[in-house]
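The values are calculated or read from the model by the stated rules, or taken from the named source; none is laboratory data. Small disclaimer: the values here were computed from a predicted structure and weren't measured. Here the Cβ is made from the backbone with ideal geometry for all residues, glycine too, and neighbour counts use every protein chain on show. What goes into the accessible areas is simple: the full protein's heavy atoms, side chains included, and nothing from ligands, DNA or RNA. Shrake-Rupley method; radii C 1.70, N 1.55, O 1.52, S 1.80 Å.
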Amino acid sequence: MIQQLETDNYLLRPLGLYDVTERYLSWLRDPDVNRTLDVGGEMQTMDTLRQYIESHDGETRILFGIFTRKGLHIGTHSFRHYPRHRLVTIGIMIGGKDYWGKKVPLETRACLLDYAFDVLQCDKAEAGCYSINLPAIYNFKAQHWSVEGVQRSHRLVGGKPVDMILFGMLKKEWHAYRETTRQNRSGSGTQRAG
């Protein structure tokens, strides 16, 4: 069982029942947060939150909490591993609105992709978001995920049908992207003579 993953700014660790807090519950009850989650419109309680956390086995179904380096819980990543198919599915919720627009998904999802591809030896990662979730679409495109399909009128949000956009990332694509970003970072500080 995984204990913790780290990025430059965040810690990812599996959530336990001790993480069921009013703060976490408040995110699931906030229409700004839950409108693009599968829980949108359903009344969440401390009991339903406990049940959700308990539905993750810590092996193939992991619910990672996203924490700042100072220990503040700001969101979650769902992570489902299908070893037989060398596949993972990844979801994210940033509940702490102070962290919206701060590229948390890019940094934390990169860590999970490295874990999936380099430790678990997966060949593919998949994810999805509603077509109204423009920040999520932007983040997927920024990391060079491929659109693999659209499930039209997949859910009702605010009484209106919205599409689900399906994204995929292959191991070789992720490694190429990581290499390109490493080269760009190392090259940005050098100067040419002449």
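Pairing residues of the stretch 165-176 that are more than 18 Å from residue 111 (Cβ to Cβ) and modelled with pLDDT of 95 or more with residues that are open to solvent by less than 60 Å² (accessible area, probe 1.4 Å) and polar (S, T, N, Q), at Cβ distances under 7 Å and at least 6 apart in sequence or on separate chains, gives 165/131; 168/146. Among the listed residues 178, 109, identify the single one that is outside any loop (DSSP other than H, G, I, E, B), of a type in the set (D, E, K, R), touching a His at 6+ places or on another chain (Cβ under 9 Å) and under 22 Å from residue 4 (Cα atoms). Answer to the check: 109.
I'd like to know if the stretch 173-186 contains one or more residues that are open to solvent by 90 Å² or more (accessible area, probe 1.4 Å) and charged (D, E, K, R). Looking through the stretch 173-186, at least one residue is open to solvent by 90 Å² or more (accessible area, probe 1.4 Å) and charged (D, E, K, R).
Close Cβ contacts (under 7 Å, 6 or more residues apart or on different chains) running from residues in the stretch 51-62 that are on the phi > 0 side of the Ramachandran plot to residues that are at pLDDT 95 or above comprise 58/14. On the given criteria, is residue 184 under 15 Å from the mean Cα position of the chain (by Cα) and either modelled with pLDDT of 95 or more or over 16 Å from residue 89 (Cα atoms) (or both)? Here the answer is no, as residue 184 does not meet what is asked. State whether one or more residues within the stretch 122-131 are out of contact with any Asp or Glu (no Cβ under 6 Å at 6 or more places or on another chain), open to solvent by less than 20 Å² (accessible area, probe 1.4 Å) and free of Cβ contacts under 8 Å to residues at least 40 places away in the same chain. There is no residue in the stretch 122-131 that is out of contact with any Asp or Glu (no Cβ under 6 Å at 6 or more places or on another chain), open to solvent by less than 20 Å² (accessible area, probe 1.4 Å) and free of Cβ contacts under 8 Å to residues at least 40 places away in the same chain.
Against the conditions (1) open to solvent by less than 20 Å² (accessible area, probe 1.4 Å); (2) more than 28 Å from residue 180 (Cα to Cα); (3) not polar (S, T, N, Q), residue 59 satisfies every one except (1).
For the stretch 91-121, filtering for residues that are open to solvent by less than 40 Å² (accessible area, probe 1.4 Å) and either of a type in the set (Lys, Arg) or farther than 22 Å from residue 178 by Cα (or both) leaves 5.
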